[in-house]
Each structure stands twice: as structure tokens, then as C-alpha cells.
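The values are calculated or read from the model by the stated rules, or taken from the named source; none is laboratory data. The shown structure was predicted, so the numbers you read here are calculated from the model rather than taken from an experiment. Using ideal geometry, Cβ is built from the backbone for each residue, glycine included, and neighbour counts are taken over all protein chains shown.
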Amino acid sequence: MDAQTIIAKRIALELRDGMLVNLGIGIPTQVANYVPAGIHVFFQSENGLIGTGAVPEEGMHNRLLTDAGGRPVTALPGAATFDSAMSFGLIRGGHLDMTVLGGLQVDQSGHLANWMIPGKMVPGMGGAMDLASGAKRVVIAMQHSAKGKSKVVKACTLPLTSARPIDLLVTELAVITFPGGRATLQETAPGVSVQQVIDATEAQLEVSPHVAQMSL
Amino acid sequence: MRTLTLADAVALIPDGASLMIGGFMGVGTPGRVVDELVRQGKKDLTVIANDTALPGIGIGKLITAGLVRNVIASHIGLNPETQKKMIAGEIQVELVPQGTLIERIRAGGFGLGGILTATGVGTVVEEGKQKVQVSGKDYLVEAALHADFALVNAFLADYLGNLSYALTARNFNPVMAMAADTVIVEADNIVPVGLIAPDHVVTPAPLVDYLIAQG
């Protein structure tokens, strides 16, 4: 299983029946492919849709129905559309049960940086700051390292997305939570040892007394 | 409400005007108006919009044509020309969190001076802004936005100017239709009065100043 699949499958286990969930672009989008059988999840696209469905078949797209990246999507039975004020009211107002976002860095106190690299990439934050500040639960889908450097760091060196700490970090190696503001290893991926995670992590990592293996 | 040709409607917009333009990555952007702005060669525009789309699509055409001096948007990452012109100093860009941007526009249209939001607290977004505490929680004071013109794309407009929208093309459009001195509408379909049921009117006719006639 490749890194992205491990991450997406593990995060999908966080989904519960009836949840309203927003998925960011990249790995987060793949979470929708692994919704556990027997539950119904409402996926929001922040451009104004609840009930976002799969990519339409060739030739069946509608130019007025896209996801937040502007790509054609379908709408599931029971879908609802609305304007951007409503969309972000859902996000900030305590109505969005969970958001899954990508990350550039997560630090040991749970702070997220995911929207710019000064001098290199200044795309704008889009909806990321509202999602990271407003969702009831913030889950980050991120590869553990980039170019051999840990992305789970002692302190974010990139500009923060929110002052509010995230709730859950899932990488291809580990599941990490932040009780009391301290990064704590909860699960390891199949075939990965606790020591391997610690060695691959720049952050000071607490280790739960009951580290489990991800059940994928 | 008056009906105008595309050319006459766009001729109302002077150089240097501030424009709120509906749309999200070009979806729900009034495309004929954008093309006519380029054809008439407007200058020094301020564009308030969610994003600058892609080169060759929607607002991206205004950027490419060099008509824009200021941009207030939440995302420019998919249009490298906006970034290039920003770095070259040809365009001033103010990046605003998307939820804050739409609420600043809503405040402008609803008669409010601004809004309080926790989004951006503790980040670079709070620089230079007033912070207030309400019930023990920190919020940023984000000022209302207002524009000279709102350029709105609706799915249906009736002869009076009542509007309804389709799918994800609604996005910023109905909110912007409240927040500008002059509201110009490009509708995908113009229909007789009564075809949009009262319960389905999203933007009531008195908000619309000009409806662009079909070409």
C-alpha cells in the first residue's frame, strides 16, 4: 500500500454516520474512496455544496457543478447547494463535524502550517484558515517527511494556518494526537516500530502506553 | 431595473472602478462581461473576488490583459500570472481567508461596519488589525467591503430582475448583489415574470440595476 492510501484509509475510519465533513485537495480527497460500509457521510465542498459525489463519467459533466478546485463533480441524491456565506457559516459556526486538510508542517503542540512558503509559494489561504479554526475536529493528512526532512517539527517555521491546535495527525507511519498540547504517538502503521517513528520525527514525541497498529 | 446591451452596460464602468465579480474558479463568473471589459480596455480596476481563476478563464482574462491594479481575493494560487504580476509590483494583492472575505462583503451589503471572526487570530492575517475579546474569546475586527459595481452571474433572471442561481455557480453572486452601488447582471436564461416562483427568488428584483440583454 502506498503512503497516500495508508493515510486516506486510516482517516476514513474516523468517519461516523451522519457526519458533515469537508475534504481538502490532495490526499484528503482520497478519504471519500474509503467510507466504511453502511454509513452515510455528507461531504461539503466549500464552493457551496453538501452531497458532493464522484467525478462524472466522460461527457456527463455540468459546468455549473464543481468542487472547490473547480473540477467537475456529481451531486448525490439529497444534495444541497447554497452561497458562500452559508458555506462558511457551516464551517465557522460549529456545524462542520470534521475537516481533513493537507499539511506542510505540524508541530509538537499541534499547530498547523499549510498555506504558504514565504518567497516561494504564496497562493492564498482560500478556505484553509476558516476550516482549521472553525471545524469541530481538524484532521491532517500529511506524509511524515519531505525530501528526507521530518514535517512533524518542534515548532512550525512556516506561517501558521491557525492558532488553534489540530486534533489528529495521520501520516503513512503514525497516528498522533495532541492531549494537553503534546504530540503523542497513538498508532503505528503495519510493519513500522515505535522507534522508527521516533527516529523519523523531529518533534518531541510522547508515546502512549498503549500504542496500537493501524487497522487498515 | 433597465435592460442594456452588453456594450452599453460595460460602458457604464469607468477606469479605476472597484468591481465585485461573482464566481469560484470561473464557475458563476459573468463571462460575457469579462470579455467585454477586455474588449473595451478598462484600466486600473480593483477586483474583489474569491480568486483569479486560471489564465484564459473568467477573471484570469482581466489579469492577462493587464486591466487590474488591485486584487482582494482568497486564492490566486492557480493563476501564475497573478503571482508574477504581484511579484513584479504591477498588481497589489490582499489575501483574505475565504470565509472572512464573503462575510466582509455580506457586511457591506447588510449595513454593518464589519464582522468579528476568530479566523486568522494568531496568524499573519491579524497584522495591523484590531483584536477584541467577547466572552473571553479573541476575534479580529474585519472591515466591511463595498464596491462601485457588482458583476453578477445568475442562472435565471425574469423581466423584472428577480434572480435565481444554479448548483455551485451561486457562490459569491447573491452576496455581492447586495454590496455594490450598481448591480449588473448577466443571466444564463432570461424568462418571463412568474417563471421563478417567489420561494425560489434568491436575489429580489429591486437589488438589480441593469440586466444585460442576450446577445
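Name the single residue, out of those in the stretch A:119-172 being in a loop (DSSP other than H, G, I, E, B) and of a type in the set (Asp, Glu), that is surrounded by the most Cβ atoms within 10 Å (Cβ to Cβ).
Filtering first and then ranking leaves A:GLU172.
Exactly one of these conditions fails for B:THR52: (1) under 13 Å from the mean Cα position of the chain (by Cα); (2) at the interface with chain A (Cβ under 10 Å from one of its Cβ atoms); (3) over 29 Å from B:ASN189 (Cα atoms); (4) among the β-branched types (Val, Ile, Thr). Give me its number.
So B:THR52 meets the others, but not (3).
Per-residue answers, yes or no, for (1) aromatic (Phe, Trp, Tyr); (2) more than 14 Å from chain A (Cβ to nearest Cβ):
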position	(1), (2)
B:PHE172	yes, no
B:VAL183	no, yes
B:GLY194	no, yes
B:VAL202	no, no
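So which of B:LEU95, B:LEU37, B:LEU101 ends up being away from chain A (no Cβ under 14 Å), buried (at least 20 other Cβ atoms within 10 Å of the Cβ), under 17 Å from the mean Cα position of the chain (by Cα) and at pLDDT 95 or above?
Residue meeting the stated conditions: B:LEU37.
Consider B:ASN189 against the criteria (1) within 14 Å of chain A (Cβ to nearest Cβ); (2) buried (at least 18 other Cβ atoms within 10 Å of the Cβ); (3) without any contact (Cβ under 8 Å) to a residue 40 or more places away in the chain; (4) not aromatic (Phe, Trp, Tyr): it satisfies all of them except one. Which criterion is unmet?
(2)
Of all residues being touching an Asp or Glu at 6+ places or on another chain (Cβ under 8 Å) and within 14 Å of another protein chain (Cβ to nearest Cβ) in the stretch B:123-150, which is surrounded by the fewest Cβ atoms within 10 Å (Cβ to Cβ)? Just the residue, please.
Only one residue fits best here, namely B:LYS131.
Could we say that A:GLY94 is assigned to a loop (DSSP other than H, G, I, E, B), over 28 Å from A:THR201 (Cβ atoms) and either more than 7 Å from chain B (Cβ to nearest Cβ) or over 17 Å from the mean Cα position of the chain (by Cα) (or both) here?
yes
Take the conditions over 18 Å from the mean Cα position of the chain (by Cα), within 19 Å of A:GLN213 (Cα to Cα) and either surrounded by 22 or more Cβ atoms within 10 Å (Cβ to Cβ) or within 14 Å of chain B (Cβ to nearest Cβ) (or both) and apply them to A:VAL175. Does it pass?
No, not satisfied.
Among the candidates B:ASN162, B:ASN153, single out the residue that is closer than 21 Å to B:LEU37 by Cβ, buried (at least 17 other Cβ atoms within 10 Å of the Cβ) and of a type in the set (S, T, N, Q).
B:ASN153 is the lone residue from the list that is closer than 21 Å to B:LEU37 by Cβ, buried (at least 17 other Cβ atoms within 10 Å of the Cβ) and of a type in the set (S, T, N, Q).
Does B:LYS84 count as surrounded by fewer than 22 Cβ atoms within 10 Å (Cβ to Cβ), closer than 25 Å to A:LEU112 by Cβ and among the basic types (Lys, Arg)?
No.
For A:VAL106, all conditions in the list (1) part of a loop (DSSP other than H, G, I, E, B); (2) away from chain B (no Cβ under 14 Å) hold save one; what is the number of the exception?
A:VAL106 satisfies all of (1) part of a loop (DSSP other than H, G, I, E, B); (2) away from chain B (no Cβ under 14 Å) except (1).
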